[in-house]
1. Taking only the range 35-55 into account, find how many residues are part of a helix (DSSP H, G or I) and exposed (fewer than 13 other Cβ atoms within 10 Å of the Cβ).
2. Which residues, taken from the chain, are in contact with a Gly (Cβ under 6 Å, 6 or more places away or on another chain) and among the aliphatic types (A, V, I, L, M)?
3. Filter the range 10-29 for residues that are exposed (fewer than 15 other Cβ atoms within 10 Å of the Cβ) and touching a residue at least 12 places away in the same chain (Cβ under 8 Å) and give the result.
4. Residues in the range 1-34 that are outside any helix (DSSP H, G or I) and touching a Lys or Arg at 6+ places or on another chain (Cβ under 8 Å): how many?
Amino acid sequence: MSGRTDIAKGRVKEAAGVLSGSDKLREKGKADQAVGRIKVAATKVVDKMAERMRK
């Protein structure tokens, strides 16, 4: 999955956890969001490096 998809999925899980009172689901949602942010950042780094290698 893409990073942005993981972030969105995490937001949904976190919201479901809050609504249902499930701390475990809320924490899973936060973890998914963190993974998504890492993927987005890593993709940016890879893109920058590829751009510099082309020069």
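Just so you know, all these numbers are worked out from the coordinates, no wet-lab data involved. Please read all numbers here as calculations on a predicted model, not as lab measurements. All Cβ positions, glycine included, derive from the backbone under ideal geometry; neighbour counts span all protein chains shown.
1. If we filter the range 35-55 for residues that are part of a helix (DSSP H, G or I), which is where we start, we get 35-54.
Then keep just the ones that are exposed (fewer than 13 other Cβ atoms within 10 Å of the Cβ); that gives 38, 41-42, 44-54.
Count: 14.
2. Correct list: 7, 25, 40.
3. The initial filter retains those residues of the range 10-29 that are exposed (fewer than 15 other Cβ atoms within 10 Å of the Cβ), namely 12, 15-16, 18-24, 27.
12, 15, 16 - these are the residues of the range 10-29 that are exposed (fewer than 15 other Cβ atoms within 10 Å of the Cβ) and touching a residue at least 12 places away in the same chain (Cβ under 8 Å).
4. Initial filter on the range 1-34 (outside any helix (DSSP H, G or I)): 1-2, 21-22.
Then drop every residue that is not touching a Lys or Arg at 6+ places or on another chain (Cβ under 8 Å), which leaves 1-2.
Of the residues in that region, 2 qualify.
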